[in-house]
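Beneath this line is the structure, given in structure tokens, with notes to follow.
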Amino acid sequence: MSELTSVDLYRRATEQAIVVAERVRPDQLDLPTPCRDYLVRDLLNHLFEVVVNFQELAEKRQVEWAEKPDHLGDGWRGRVEGGSCP
């Protein structure tokens, strides 16, 4: 059995996250998650921010992990599916 690389694991996680994110309805964004510190909106924004920051790091640019912008404006689902974050 072959070992999975970190790229393989990231790809699997991304595919599963896309499926879940696409099913989130607007009326669910302010519902709690199992983590008391996050609403659904917060968790989705966190996922966006991780991807945005990793893209920046890949381009050898500095990132600010403390910033918490809202990425859930118009068309956010299409950006999740297309793999392009703002």
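The values are calculated or read from the model by the stated rules, or taken from the named source; none is laboratory data. Note that the structure is a prediction, hence the values are computed from the model and not measured. Virtual Cβ from ideal backbone geometry, glycine too; neighbours counted across all protein chains shown. The area values use the complete protein model at the heavy-atom level, side chains included, leaving out ligands, DNA and RNA. Shrake-Rupley method; radii C 1.70, N 1.55, O 1.52, S 1.80 Å.
Could you tell me which residue of the range 5-36 is nearest to residue 51 (Cα to Cα), considering only residues that are open to solvent by 80 Å² or more (accessible area, probe 1.4 Å) and in a loop (DSSP other than H, G, I, E, B)?
Looking at residues that are open to solvent by 80 Å² or more (accessible area, probe 1.4 Å) and in a loop (DSSP other than H, G, I, E, B), I get 23.
Find the residue count for the range 37-77, including only residues that are outside any loop (DSSP other than H, G, I, E, B), open to solvent by 50 Å² or more (accessible area, probe 1.4 Å) and closer than 20 Å to residue 24 by Cα.
Here the count works out to 7.
A quick yes/no check of all residues on (1) farther than 17 Å from residue 80 by Cα; (2) of a type outside the set (D, E, K, R); (3) touching a residue at least 24 places away in the same chain (Cβ under 8 Å):
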site	(1), (2), (3)
2	yes, yes, no
8	yes, no, no
11	no, no, no
22	no, no, yes
36	yes, no, no
44	no, yes, yes
47	no, yes, yes
